[in-house]
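Reviewing the structure listed below.
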Amino acid sequence: MKFQQVYAVVDSEFRLLWVGGEWDEFALQNAAQHALANHVLSTSLLAHIAGEETRELIASMVGTVLKTKRPLRMEYRCDSPNMARAYLLTIQPMKDDRALMVHDLKDAWHFSPPLNRWNYDPQARDCKCSFCGDIRFGVTQEWTSCDDIGDRHPALVYYEVCNSCREAATKVVEDVLRGDEVSLALDDDRLSEVRQARDHSE
Ligand SMILES: [Zn+2]
């Protein structure tokens, strides 16, 4: 099953203080079977992200929100073999040098034919972009979208970040540093929903 919505609260050292929503489905989709909710609290968010560059970009996004106290948003994909799924990640400052990360499902469509199933393997030959799911085969330079990949999705992949996602991630960080207005995915109703869920879980 794919998640619809996931919340996490991290501190300035990226420690997970609280997770909510469909965290477990989220963890499983991100090839982190050891990262189920019960086991992750007070561990580092970064320890659960595959791929060095992905970790660096996420750290830079969260760090920028903490530093500027301004929100940041970025779209990404987290597909299953059957379904393409587009998510919006919102990172929002909270008091006491904490940040709230919210992953919202925005859109989904079927792959036809379905993709081959894949597993994470740091030694794999083929690479998958952590943000958009595009595939780079072997040592080629080209990235192929899963929307166009048909039955050619590799069974084993390692994770990196493709050029256009690197540019997009760098740009959202720069926009926040510059103070450009970011409209919030979270309205007040949603925030109070999050707080209630958190209070309930404590
Ligand atoms: Zn990408």
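The values are calculated or read from the model by the stated rules, or taken from the named source; none is laboratory data. Note that the coordinates shown come from a computational prediction; the quantities given were computed from them, not determined experimentally. With ideal geometry, Cβ positions are generated from the backbone for all residues, glycine too; neighbour counts draw on all protein chains shown. To get the accessible areas, we keep the full protein, side chains included, count just its heavy atoms, and leave off ligands, DNA and RNA. Shrake-Rupley method; radii C 1.70, N 1.55, O 1.52, S 1.80 Å.
Numbers at a glance
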{"item": "Inter-site label distance for residue 156 and residue 174 at 7 Å from Cα along Cβ, in nm", "result": "3.8 nm"}
{"item": "Summed side-chain charge close to residue 135 - residues other than residue 135 whose Cβ falls under 15 Å, Lys, Arg +1, Asp, Glu -1", "result": "-3"}
{"item": "Surrounding net charge for residue 97, when Lys and Arg each add one and Asp and Glu each subtract one, Cβ distance under 12 Å", "result": "+2"}
{"item": "Pair residue 105, residue 125: separation of 7 Å Cα→Cβ label points (nm)", "result": "3.4 nm"}
{"item": "Cβ-based net charge around residue 154, under 9 Å, with every Lys or Arg adding one and every Asp or Glu removing one", "result": "+2"}
{"item": "Separation of the residue 4 and residue 167 label points, Cα + 7 Å toward Cβ, nm", "result": "3.5 nm"}
{"item": "Whole-percent carbon and sulfur share, accessible surface of segment 4-102, 1.4 Å", "result": "48 percent"}
